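Worksheet: the structure to be examined is printed underneath.
The values are calculated or read from the model by the stated rules, or taken from the named source; none is laboratory data. Note that this is a predicted model, so its numbers are computed, not measured. Virtual Cβ from ideal backbone geometry, glycine too; neighbours counted across all protein chains shown. For the accessible areas, the whole protein counts, side chains as well, though only heavy atoms, and no ligand, DNA or RNA atoms are used. Shrake-Rupley method; radii C 1.70, N 1.55, O 1.52, S 1.80 Å.
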Amino acid sequence: MKNETWITPEEWKLIGEEAARLAREEAHAAGVAIRYMIGEKIISEYPDGRKVEVIFDEQGNPTEIDYAE
């Protein structure tokens with residue numbers, strides 16, 4: 001008989017949230033910003049807590065503007 005372990009959708013959600021929290025902490029401890037999306041916006045979050053929206057021009061060059069939640 002095969003021993004199978006099932007993870008519920010809620011458990012997957014908790015695992016993902018914990019992984020994201022740890023990745024954020026590790027990146028910030030190393031002095032590195034993290035990037036993620038909110039809707040269609042790309043957000044950079046710096047270790048000091050500052051958040052900026054990243055906008056790319058036609059040539060693909062990024063510009064950062066202050067992000068207000």
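Helix 9-29 and the longest principal axis of the C-alpha atoms of the chain enclose an angle of approximately 40°. Computed packing ranks the peptides 40-50, 56-66 as 40-50, 56-66, most packed first, by mean other Cβ atoms within 10 Å. Per-residue extension of 0.36 nm, minus the Cα-Cα distance of Asp48 and Ala68, leaves a gain of 5.7 nm for this segment. May I ask you to derive the FRET efficiency for Arg24 and Phe56 from their Cβ-Cβ distance with R0 = 22 Å, giving the value to the nearest 0.05? So the FRET efficiency works out to roughly 0.40. Solvent-accessible area of the chain (1.4 angstrom probe, protein heavy atoms only): carbon and sulfur portion equals 56 percent.
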